[in-house]
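Report on the structure given below.
Every number here is computed from the coordinates shown, using simple stated rules; none is lab data. What you see is a predicted model; the values in this text were computed from it and never measured. Every residue, glycine as well, gets a Cβ built from its backbone with ideal geometry; the counts of neighbours run over all protein chains shown.
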Amino acid sequence: MPVISTQHFLILVYLWPKRSKKVLEIKRFFYSIMALVLLYVPSLTFADCNVSSSGVSFGNYDVFAINPTDNVGTLTVNCSVETSYTLKLDQGNSGNFSERKMSNGTDFLIYNIYSDAARTFIWGDGTDNSVTISGQTGATGQHPLYGRISARQNVSVGNYSDTIIITIVF
């Protein structure tokens, strides 16, 4: 339904001569319609959303373990009003979703972030077989980040890290 602009309406009213009785009836009709439109059109409120994350801390990695190393972090969304949103994660330093890589100098540790506890759906931007997460919040919404480091990677001792950019579309 088209929205009537009050500025355009006022311009139309001022263009009509004020002496004619017919014009006064038309003006009253438009004022009545405008009042009804303003009563029934919902007020527009714009959302302001922020995203923060605790990240995923895997702790110590055992290169001889036969099982992958799993851990969970949290991604928190805060919006000023109730709104729907979509969360996207980028590939990090690896440049692809299939094998994200944490680095320590020239050494790399392959890992990934998933949208589900079974770690079957890679959380990304919706391309290259990755998925996005959608939600709706009017205050705070939390989403788990399911992380996994593949088992039996022969890497040097040290601190490994990666940076993932989170995008919220609302």
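Among residues other than Ile110 whose Cβ falls under 13 Å from its Cβ, what is the net charge (Lys/Arg +1, Asp/Glu -1)?
Working: positive: Arg100, Lys101, Arg148, Arg152; negative: Glu99, Asp107, Asp162.
Its environment carries a net charge of +1.
Summing Cβ point charges (Lys, Arg +1; Asp, Glu -1) relative to the Cα centre of region 73-135 gives a dipole of roughly 80 debye. Only Lys, Arg, Asp and Glu carry charge here, each on its Cβ (+1 for the first two, -1 for the last two); on that basis region 49-170 has a dipole of about 100 debye about its Cα centre. Gly135 sits among other residues whose Cβ lies under 14 Å from its own Cβ, and their net charge, with Lys and Arg +1 and Asp and Glu -1, is 0.
Neighbours of Lys101, meaning other residues whose beta-carbon lies under 11 angstrom from its beta-carbon, give a summed charge of -2 when Lys and Arg score +1 and Asp and Glu score -1.
I'd like the FRET efficiency for Asp90 and Asp70, computed as 1/(1 + (r/R0)^6) with the beta carbon distance as r and R0 of 25 Å, rounded to 0.05.
Between Asp90 and Asp70 the formula returns 0.70.
In this structure the amide hydrogen of Asp125, modeled in the peptide plane, comes within under 5 Å of the amide hydrogens of Leu89, none closer than 5 places in sequence on its chain.
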